[in-house]
Amino acid sequence: MPQGLTDVLEEWKCLEGEYEQLQETHRLYIQKLDEISNLQTKCTSSISRQRKRLKEVSQLVKNTGPSEEDAKTLDEVKEKIKARPNAFFEMEAFLPKKNGLYLSLVLGNVNVTLLSKQSKFAYKDEYEKFKLYLTVLLLLFSFICYFFVSYRFLDAIFNFLLVWYYCTLTIRESILITNGSRIKGWWVFHHYVSAFLSGVMLTWPDGNLYKSFRNQFLAYSLYQSFVQCLQCYYQSGCLYRLRALGERHNMDLTVEGFQSWMWKGLTFLLPFLFFGHFWQLFNSLSLFRMAQLPDCKEWQVMMCGLSFLILFMGNFFTTVAVVRQKLKTRKQKSKTL
Ligand code: COA
């Protein structure tokens with residue numbers, strides 16, 4: 001046999017061997033996928049069954065009038081019943097579920113559940129990075145528009161970028177929520193309102209009124225981007241530290257270091273956040289005053305004023321509630337130590 005053919009046959013035999021191995025591995029992979037899919041269905045139906053029965057048991061507990069000795073046992077049961085929904089929530093973060101209305105409308109019925117902790121962290125990390133890059137871009141854009149160029153069409157591009165950014169955030173955050181993130185509903189709603197506000201700003205025709213509000217709006221956008229950079233730094237710091245701890249939701253002794261870092265970060269951030277909130281209130285009052293002017297014909301003035309007012313109220317009250325809740329859990333933790 002010529003030398004060339006021997007080489008080819010040898011190579012081919014080797015390749016065939018590897019291919020058979022690959023086929024076997026792939027068969028195993030498909031089998032495991034089937035097993036996983038069966039387990040997912042089993043867990044999902046078991047959780048909904050448990051939920052239903054938990055409701056019945058809670059009702060039963062409510063209707064029971066125990067003797068003094070039994071009261072302690074009943075209290076223990078009550079505590080356990082209270083903790084169960086959280087456990088179900090954590091389990092469900094690793095199970096495929098039907099998309100909510102918004103995701104179904106935007107993405108269709110594609111499964112967006114990430115099945116491992118690493119991929120969840122990686123997705124959140126990428127979300128924080130995306131926010132940071134876009135925020136830096138918006139910061140530069142608003143800086144250029146504020147200090148150097150004053151063209152309506154550049155303002156329009158800036159506002160369009162804002163609309164796109166906020167719409168993208170709403171999609172990413174819905175995916176994060178499906179994957180077990182505890183982002184409060186308000187922050188997602190905040191991005192819808194902000195997208196609406198930027199859309200209205202985009203359609204505001206050039207004129208004296210637009211010009212008189214333009215600089216105030218750009219200065220506010222500049223400041224907001226700056227605060228968002230700080231916020232991104234704080235939130236990705238939280239994420240990295242939690243990942244390093246290998247912990248997420250349940251805080252225990254090992255998380256003490258994380259807690260003190262979080263408090264330092266939060267107390268540094270809060271004055272900037274509250275200043276931003278009052279700037280939103282100031283914007284809304286300026287626009288309401290502008291809407292009273294006899295030559296104000298544009299509907300955009302009132303709409304932007306209302307949007308800023310809604311943003312101020314939602315941001316301010318939610319931030320206060322978040323800080324109060326964090327203070328409360330900190331006090332409870334120090335009591336139990
Ligand atoms: N946007 C998006 N996600 C947010 C968020 C926000 N503004 N605030 C909190 N989250 C997320 C967190 O990343 C966390 O997600 P995870 O469960 O996936 O880990 C979850 O919501 C719960 O966070 P929580 O513990 O309640 O708050 P925090 O410590 O991460 O952040 C604040 C607290 C006050 C710093 C934050 O809520 C914030 O920055 N709020 C102000 C925003 C604002 O007012 N912007 C306008 C500035 S002018």
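Within segment 208-224, the presence of a residue that is within 17 Å of Val149 (Cβ to Cβ) and in contact with a Lys or Arg (Cβ under 6 Å, 6 or more places away or on another chain) is excluded.
With the requirement that a residue be within 30 Å of Ala93 (Cβ to Cβ) and in contact with a Gly (Cβ under 7 Å, 6 or more places away or on another chain), what does segment 149-188 give you? Quick ask: steps written out before the conclusion?
Keep residues of segment 149-188 that are within 30 Å of Ala93 (Cβ to Cβ), which gives 164-188.
Of everything in segment 149-188, those that are within 30 Å of Ala93 (Cβ to Cβ) and in contact with a Gly (Cβ under 7 Å, 6 or more places away or on another chain) turn out to be Ser174, Trp186.
To keep it simple, each residue is scored yes or no on (1) under 28 Å from Thr44 (Cα atoms); (2) at pLDDT 95 or above.
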residue	(1), (2)
Glu79	yes, no
Glu90	yes, no
Lys97	yes, no
Lys117	yes, no
Leu134	no, yes
Leu137	no, yes
Phe148	no, no
Tyr151	no, no
Trp164	no, yes
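Do we have Ala71 as surrounded by fewer than 16 Cβ atoms within 10 Å (Cβ to Cβ), of a type in the set (Gly, Ala, Ser), in a helix (DSSP H, G or I) and within 19 Å of the chain's Cα centre (by Cα) here? When the stated conditions are applied, Ala71 does not pass them. Show the residue pairs that are 6+ apart or on different chains and have beta-carbon atoms under 9 Å apart, the first residue being within segment 203-217 and of a type in the set (D, E, K, R), the second being surrounded by fewer than 18 Cβ atoms within 10 Å (Cβ to Cβ) and assigned to a loop (DSSP other than H, G, I, E, B). Correct list of pairs: Lys211/Ser150; Arg214/Ser150. Residues in segment 286-299 that are among the hydrophobic types (A, V, I, L, M, F, W, C) and surrounded by fewer than 14 Cβ atoms within 10 Å (Cβ to Cβ): Leu293, Trp299. Residues of segment 259-273 include at least one that is farther than 30 Å from Ala93 by Cβ, out of contact with any strand residue (DSSP E or B) (no Cβ under 7 Å at 6 or more places or on another chain) and touching a residue at least 40 places away in the same chain (Cβ under 8 Å). Of the residues contained in segment 23-31, none is found to be part of a helix (DSSP H, G or I) and surrounded by 11 or more Cβ atoms within 10 Å (Cβ to Cβ).
Taking each residue of segment 312-334 that is at negative phi and looking for partners that are within 9 Å of the ligand (Cβ to nearest atom) and among the polar types (S, T, N, Q) with beta-carbon atoms closer than 7 Å, six or more apart or interchain, yields Phe312/Gln280; Asn315/Gln280.
Residue-by-condition table, conditions (1) surrounded by 18 or more Cβ atoms within 10 Å (Cβ to Cβ); (2) closer than 26 Å to Arg214 by Cβ:
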| site | (1), (2) |
| --- | --- |
| Leu107 | no, no |
| Gln118 | no, no |
| Asp125 | no, no |
| Leu134 | yes, yes |
| Tyr146 | no, yes |
| Tyr166 | yes, yes |
| Thr170 | yes, no |
| Trp187 | no, no |
| Tyr192 | no, yes |
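Every listed requirement among (1) over 16 Å from the mean Cα position of the chain (by Cα); (2) loosely packed, with under 13 Cβ neighbours inside 10 Å; (3) over 24 Å from Tyr234 (Cα atoms); (4) not charged (D, E, K, R) is met by Leu140 save one, (3). Considering the conditions (1) among the aliphatic types (A, V, I, L, M); (2) out of contact with any Lys or Arg (no Cβ under 9 Å at 6 or more places or on another chain); (3) buried (at least 16 other Cβ atoms within 10 Å of the Cβ), Leu176 is excluded by exactly one of them, (2).
Among the residues of segment 93-105, those identified as touching a residue at least 12 places away in the same chain (Cβ under 8 Å), surrounded by fewer than 17 Cβ atoms within 10 Å (Cβ to Cβ) and within 18 Å of the chain's Cα centre (by Cα) are Phe94, Lys97, Gly100, Tyr102. What about Phe226, is it within 11 Å of the ligand (Cβ to nearest atom), within 23 Å of Leu309 (Cβ to Cβ), under 25 Å from the mean Cα position of the chain (by Cα) and surrounded by fewer than 18 Cβ atoms within 10 Å (Cβ to Cβ)? Against the criterion (within 11 Å of the ligand (Cβ to nearest atom), within 23 Å of Leu309 (Cβ to Cβ), under 25 Å from the mean Cα position of the chain (by Cα) and surrounded by fewer than 18 Cβ atoms within 10 Å (Cβ to Cβ)), Phe226 qualifies.
Only one residue in Gln216, Gln231 is modelled with pLDDT of 85 or more, surrounded by fewer than 19 Cβ atoms within 10 Å (Cβ to Cβ) and not charged (D, E, K, R). Which one? One residue alone meets the criteria, Gln216.
Identify all residues within segment 135-191 that are part of a loop (DSSP other than H, G, I, E, B), under 20 Å from Tyr123 (Cβ atoms) and not small (Gly, Ala, Ser); write none if there are none.
Taking segment 135-191 as the starting set, the residues that turn out to be part of a loop (DSSP other than H, G, I, E, B) are 148-151, 179-184.
Add one more test, that the residue is under 20 Å from Tyr123 (Cβ atoms), and what stays is 179-184.
Listed by number, the residues that qualify are Asn179, Arg182, Ile183, Lys184.
Would you mind stating whether Thr113 is of a type in the set (S, T, N, Q) and either surrounded by 11 or more Cβ atoms within 10 Å (Cβ to Cβ) or within 30 Å of Ala244 (Cβ to Cβ) (or both)? So Thr113 passes the test.
Determine whether Leu242 is within 11 Å of the ligand (Cβ to nearest atom) and surrounded by 15 or more Cβ atoms within 10 Å (Cβ to Cβ).
Working: within 11 Å of the ligand (Cβ to nearest atom): yes; surrounded by 15 or more Cβ atoms within 10 Å (Cβ to Cβ): yes.
Spelling it out, Leu242 is indeed within 11 Å of the ligand (Cβ to nearest atom) and surrounded by 15 or more Cβ atoms within 10 Å (Cβ to Cβ).
The values are calculated or read from the model by the stated rules, or taken from the named source; none is laboratory data. Please read these numbers as outputs of a predicted model, since none were measured by experiment. Here the Cβ is made from the backbone with ideal geometry for all residues, glycine too, and neighbour counts use every protein chain on show.
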